[in-house]
Each structure stands twice: as structure tokens, then as C-alpha cells.
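Beneath this line is the structure, given in C-alpha cells, with notes to follow.
Each value in this text was obtained by applying a stated rule to the coordinates, not by laboratory testing. All of these numbers come straight from a predicted model, not from anything done at the bench. Cβ sites come from the backbone with ideal geometry, for glycine too, and all protein chains shown count toward neighbours.
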Amino acid sequence: MTTHADPPSTPADDSADRRALNDRRAAILEAVVAEYIGSAEPVGSAHVVNAPGVRVSSATVRSEMVALEREGYLAQPHTSAGRIPTDKGYRFFVDHLTAPGVLGPVQRRQVTQFFEQVHGEMETVLERASGLLSELTSYAAVVVGPSHEAATIRSVQLVGLSPLHALLLVVLSDGAVEKRTIDLDAEVSEELLARAGTVLASHLVGQTLSAPWTVPASGSKSLDWLVAAAHAAFDAMEGAIDADQVFVGGPARLAESFDAVETVRSVLAILEQQLVVVTLLRDVLDRGLSVAIGTEHGFEALSSCAVVVAPVTVDGQDLGAVGLLGPTRMDYPRAMAAAHVVGERLGERIGGGHDGHH
């Protein structure tokens with residue numbers, strides 16, 4: 001996947017976009033966006049005169065900035081002589097990034113070390129990855145893990161916990177480990193537990209959790225009773241498989257990113273609604289975008305936010321997503337690079353079938 005976003009507009013719009021902005025005007029706009037992302041201060045013509053690709057007098061820059069404002073790419077906050085980009089200005093900047101951003105050597109090392117050192121169940125990896133993303137970018141990060149619908153069963157075990165309790169342990173192909181306790185009416189020998197485990201494994205390995213139950217009766221009353229108890233525990237697991245796993249990293253960083261307390265409050269409220277978060281990331285990806293700016297993502301409460309998304313792909317299938325949520329004045333090249341790298345590495349980790357037992 002490239003880190004470029006395809007604009008939501010039709011290709012014809014895009015060429016019209018380029019025609020409307022000649023090279024010099026585009027260079028001026030890109031210089032204003034880059035300067036504003038860095039400084040958070042409205043940008044005056046003096047800052048732009050020496051930018052690459054501009055090289056014209058400040059009078060010319062001023063008149064071009066007026067034209068860019070007229071065309072909706074820049075806005076002038078009423079208290080200032082400088083200008084700031086509009087959502088349309090940011091969109092142009094993102095669509096025409098000449099090179100996708102790259103992470104600096106320190107951050108790249110941070111990513112490598114993280115994936116070398118993080119072990120354990122998939123949930124742990126995903127949760128900690130959301131923290132990593134947030135550290136790399138200082139924006140709030142969201143990691144959506146794969147729902148277990150498509151995952152197949154890699155192993156099934158029944159383990160005695162106490163005379164009247166057993167544990168059903170199921171390891172899935174996506175690295176997730178599901179556990180359920182089974183209450184037993186009578187004491188069961190280790191040998192019977194092992195036999196029941198073998199019977200379950202022989203019929204269930206390679207199936208998905210939601211596949212129809214295919215374990216036939218064996219004729220042994222005690223064995224069939226134990227298998228039936230495991231069947232009930234499996235049914236209880238099924239509820240857990242449809243839910244996407246959503247992990248939010250660094251929500252506190254939102255407070256630093258936005259000036260308005262109200263915005264922070266509404267963004268935090270949205271991040272607490274897992275279904276909304278998943279829908280938001282999926283919608284952006286489904287539209288072929290990697291960035292949604294301002295009102296583009298259709299969530300009113302997030303109109304002063306930008307969302308950067310990268311898919312988590314395993315064997316060509318999108319199994320999850322990583323996202324960054326920040327103000328529209330975010331460092332897009334860096335955010336896109338971080339989301340892309342972490343999404344890619346998570347895909348490799350899930351696809352590598354790490355079984356969570358390190």
C-alpha cells in the first residue's frame with residue numbers, strides 16, 4: 001500500500017484541481033501548510049518567499065496567497081495578517097505529497113525493538129501497538145484487531161483446574177487464545193480430560209469457531225458428557241468472535257493537540273464508542289483513502305480532526321486497521337509513515353501465526 005491518499009473526488013476533479021493551481025501557487029500553498037504544521041502560527045508571505053519552488057517577490061507571494069484564499073485553500077484568522085490552511089488546503093497538500101513521509105532513524109529503531117520484544121497473546125500485542133503509534137506521533141492512536149470470524153482453530157486442550165473445574169483452551173490461527181472454565185458435576189480423571197481433548201481436536205482443528213458442531217457421540221457416557229460440556233463452552237466463546245478488538249493508545253495526548261476543550265471532550269467520547277471507531281476507520285479505508293480531513297469522514301464531532309488510516313493486511317486480506325486521530329494541523333507525512341509501518345508490521349506478526357506461547 002502506498003502512503004498516498006486517493007482523493008475522494010473523481011480523477012477529473014483532481015486534474016482540474018491541478019490546473020486551477022499552477023506550479024507556483026501549489027508550491028506556495030505547500031509551503032504555507034508545512035510552515036503552519038510546524039509552527040501553529042498563521043503564516044505570512046515573508047515565511048514563504050524562500051520556500052523551494054517559490055522564489056518570487058513577496059508582493060507576488062502576497063497576491064498569490066490572496067488568490068489561494070479566494071479559491072478556498074487558505075483562510076485568514078481575523079486577528080492576524082498571516083493565513084492558515086483550510087481543509088481543502090490540507091487535502092491538496094496530502095494528495096500532492098511528492099514523497100511519502102519516512103520515520104527518522106530513532107523512530108524506525110523504536111518500531112524494530114518493539115516488535116522484537118513484544119510477545120504474548122495477540123490482544124497484548126495490539127494493545128501495546130496502539131501505545132507505540134501514539135508515542136511515535138504524539139496523536140491518539142487506534143488499533144482495530146481482526147475479529148476472530150475468519151480465524152481457524154489451531155489447537156484445543158482440556159486442562160484440569162481442580163476436581164470440579166476444567167479449562168477449555170483454544171488457540172486460533174490469528175494468534176488469539178480463548179479460554180473458558182467448565183464446571184464439572186463430578187470429578188473427572190486427567191485421562192478422561194485428555195481423551196476428550198483428543199476427540200475435540202480431531203474434529204475441530206482447522207474449523208472456525210462459528211462452524212457447526214461436528215463432534216459425533218462416542219458411545220462412552222462420561223466422555224460424551226464432557227464433550228457436551230465443552231460444546232456449551234464453545235458456544236459461549238462464539239460471542240467473543242464477532243466483536244472487533246479495539247485498542248486506543250494515548251487519548252491523553254489529544255488534550256495537547258487541540259486548543260478547544262470542547263473538541264477534546266467530543267473526541268474522547270467518540271473514542272469510547274468502539275463500534276463508531278471501527279466504522280470510522282473502515283469507512284475511510286473502504287473509500288480508498290488513507291487520510292480523511294475535517295468533515296470528509298462524516299462525523300460531525302470530529303470536524304476539526306484528521307484521521308490517518310492504514311490497513312493491517314494478512315495474505316491480501318484486510319484483517320484490521322491502525323489509525324491516528326489528531327487536529328487537522330497534523331504532521332501528515334509523519335503520521336502516514338508511522339501508520340503504514342506499524343500496520344505492515346502487525347500484519348506480518350498476525351500472519352506469522354505467532355501462537356502466543358513464548
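Assorted remarks:
- 222 nm mean residue ellipticity, helices alone, for the chain (DSSP H n ≥ 4; -39,500 (n - 2.57); rounded to 500): -15000 deg cm²/dmol
- Sorting 247-260, 285-298, 323-336 by their mean Cβ neighbour count within 10 Å, with the most densely packed peptide first, gives 323-336, 285-298, 247-260.
- When only the Cβ of Lys, Arg, Asp and Glu is charged (+1, +1, -1, -1), the dipole of the chain relative to its Cα centre reaches about 1260 debye.
- A quarter of the convex hull surface defined by the alpha-carbon atoms of the chain gives 21.1 nm² as the mean projection.
- When +1 charges are put on Lys and Arg Cβ atoms and -1 charges on Asp and Glu Cβ atoms, the dipole computed for the range 207-331 relative to its Cα centre reaches about 160 debye.
- P(r) tail fraction, the range 14-120 - alpha-carbon pairs more than 25 Å apart, %: 31
- Positive-end residue, the range 192-336 charge dipole about Cα centroid, Cβ charges, pick of Ser257, Ser218, Leu285: Ser218
- Kirkwood hydrodynamic radius of the range 252-347, from inverse mean 1/r over distinct Cα pairs, in Å: 13.6
- Most positive-pole-ward Cα, Val106, Val276, His148, against dipole of the chain from beta carbon charges: Val106
- Relative to the dominant Cα principal axis of the chain, helix 221-242 is inclined by about 10°.
- Radius, Kirkwood style, for the range 137-232 when every pair of distinct Cα atoms is counted (Å): 14.6
- Calculated FRET value between Val102 and Thr79, using beta carbons and R₀ = 35 Å, to 0.05: 0.45
- Toward the positive end of the charge dipole of the chain, with +1 on the Cβ of Lys and Arg and -1 on the Cβ of Asp and Glu, the farthest Cα among Val205, Asn22, Leu168 is that of Asn22.
- Helix axis angle, 261-271 relative to the chain longest principal axis, alpha carbon, degrees: 30
- Axis angle, to the nearest 10 degrees, between helix 58-70 and the longest C-alpha principal axis of the chain: 50 degrees.
- Alpha-carbon centroid distance for the pair the range 190-223 / the range 37-93, whole angstrom: 68
- Here the spin labels are modelled as points 7 Å beyond Cα on the Cα-Cβ line, and at Ala67 and Ser220 they lie 8.5 nm apart.
- The modelled label-to-label distance between Ser189 and His165, using points 7 Å beyond Cα along the C-beta direction, is 2.4 nm.
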